[in-house]
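So the structure is just underneath, and the comments pick up after that.
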Amino acid sequence: METNNIKEMEKHIVFDKNCDLTIKENDEKSYSFVVENNCKVSVLFDITSSLDLNIVVKDNGDLKIAILNKKNKNNININGVIEKEAGFTCVIADFCKEGTSLNSNVDLKGEYSTSKFVVSSTSNDKFKKTYNINFNHLNKNTTSKIKAFGVSLKESEIQVTGVSYIPKESIKSNASQEVKIILFDKNSRGKASPILKIECDDIKASHGCSIGSINDDHLYYLLSRGIDIETVRKLIVLGYILPIKEYFNEQEKKYIDEYIREDFNYD
């Protein structure tokens, strides 16, 4: 794959060959990507401002978008159309110290099209982070997945809403949603709203949700081994954030590790 490191780029890009991009300091807030037939494209956004992204992935194409949101309050809007036997994966590591909102809508237009969203988030103080992820299964044998992991501290809140719509003609489709949020403090909040709009029987659909405080048994076990409370909390946070690391390159994995060790605090 070709690799490019781009600060400024055209808003509308057609990918007609395999490509691997890194976009930093996104001065442009709006991008339009078209992935041509059979192309495999990977784009890393290290965002510094809000982001509007419109994508089309054509037959047998594959697009992976990875978004790092480190410091700034940002709004992320994603709209996608995925055609026959094509795939779209969106991975978001949201570690900014203020509020974030994500709104996405993906149309699984072609048969055997697939899409997956993976979100790993931390919230702090009194800020609220919201993630609204919508899939429309508009053909047979389509697949969508949501996996969201969150850590909420102090009086902050993480809210995840997933909508999977499967109309009557979209048989053999599969929709799954999984949300796990850990609440660190008495006033921390988490909310998951899985919405499955199913109009036919010959499909698979599932959702799972786990929201709660730190397990006291796990906490006492680690403390009894001589580990201080701050390290214990960081270990627990790392356990929730680790699933996101596999989607990033080595440099970004290093950042995630450093974030847990140095930047994640409770003051």
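Data for the structure
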item	result
Rough spin-label spacing in nm, given labels placed 7 Å along Cα→Cβ, for N18 and E155	5.2
Nearest 10 degrees, 0 to 90: helix 229-245 Cα axis against the chain principal axis	10
Sites excluded, GluC sites (Glu not before Pro) in DSSP loops with at most 12 other C-beta within 10 Å, longest stretch of the chain	26-168
Per-pair calculated FRET efficiency, R0 = 22 Å: K84 and E246 via Cβ, rounded to 0.05	0.20
Residue-averaged 222 nm ellipticity for the chain, from DSSP H runs of 4+ at -39500 (n - 2.57), nearest 500	-4000 deg cm²/dmol
Largest-first principal axis extents of the Cα set of the chain (Å)	56, 47, 29
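Read-outs: derived from the displayed coordinates by stated rules, not from any lab. Worth saying up front: this structure is predicted, and the values here are computed from it rather than measured. Glycine also receives a Cβ, built like all others from the backbone with ideal geometry; neighbour counts cover every protein chain displayed.
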